[in-house]
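Here the structure is laid out as structure tokens; the discussion comes afterwards.
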Amino acid sequence: MSHVLHPDGRKTPAMFVEVSADCKVVLIVVRSLHMSPGKIGAQCAHAAVGLYKVMVTNRAPWLSAWESAGEKTVVLAVDTAQELKVLAEQAQAMSLATFTVADAGRTEVAPGSVTVLAIGGVSELVDQVSGKLRTY
């Protein structure tokens with residue numbers, strides 16, 4: 001079971017975190033692919049739409065709180081696809097919503113290249129996975 005770790009060291013089981021809590025989505029871009037700004041924008045759009053579909057399909061309990069609070073979304077970066085894979089595994093182990101974009105390879109990157117990971121949920125949980133990453 002995943003827990004929210006509070007700044008004072010207390011742990012709260014994630015299932016008991018109120019759905020009115022602060023929620024966010026992070027889009028994590030792989031820097032080593034050296035994508036152009038337009039390509040990064042397109043890949044982030046794919047990730048955001050894909051994650052939204054996952055959230056709707058799975059009836060994410062925090063979805064309406066995220067929407068009503070302005071749909072907070074942050075773009076972050078990692079250096080390699082391997083780092084992205086580790087973060088995806090951590091997020092999935094915590095039952096966070098995730099969506100990974102694997103590019104079709106028609107323009108700038110090789111087919112199947114993993115370009116962006118989207119993670120969504122209660123901010124405290126998302127930060128446990130992505131809180132140490134730098135913004136893109």
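Some values worked out for this structure:
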| item | result |
| --- | --- |
| Burial order of peptide ranges 22-31, 53-62, 116-125 (average beta-carbon count within 10 Å, highest first) | 116-125, 22-31, 53-62 |
| DSSP-defined antiparallel bridges as percent of all bridges, the chain, nearest 5 | 75 |
| Lysines with Cα under 30 Å of K39, excluding same-chain neighbours fewer than 8 positions away | K24, K53, K72, K85, K132 |
| Mean separation of Cα contacts under 8 Å, 6 or more apart, over the residue count of the chain: relative contact order % | 36 |
| Segment 15-82 pair-distance distribution - Cα-Cα, 10 Å bins, rounded % | 18, 44, 27, 11, 0 |
| From the coordinates shown, Rg/Rh (Cα atoms, Kirkwood Rh) corresponds to which of (i) 1.17; (ii) 0.98; (iii) 0.92 | (ii) |
| For segment 34-74, accessible area per residue (1.4 Å probe, heavy atoms of protein chains only), Å² | 59 |
| Cut-off 14 Å between beta-carbons: net charge of the residues surrounding A81, Lys and Arg +1, Asp and Glu -1 | -2 |
| Formal net charge of residues neighbouring V114 (Cβ-Cβ distance under 12 Å; K, R +1; D, E -1) | -1 |
| Inter-probe distance in nm under a simple model that places probes 7 Å from Cα toward Cβ, at K53 and D79 | 3.3 |
| Net charge, D127 excluded, C-beta distance under 13 Å - Lys, Arg +1, Asp, Glu -1 | +1 |
| Stretchable slack from R106 to A21, in nm (0.36 nm times residue separation minus alpha-carbon distance) | 26.6 nm |
| Spherically averaged projected area of segment 67-134 from its Cα convex hull (nm²) | 5.3 |
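The values are calculated or read from the model by the stated rules, or taken from the named source; none is laboratory data. Since the model is a prediction, treat every value here as computed from it, not as a measurement. Quick reminder, even Gly has a Cβ in these numbers, built from the backbone with ideal geometry, and neighbours come from all protein chains shown. Note: accessible area is taken over every heavy atom of the protein model, side chains too, but ligands, DNA and RNA are not part of it. Shrake-Rupley method; radii C 1.70, N 1.55, O 1.52, S 1.80 Å.
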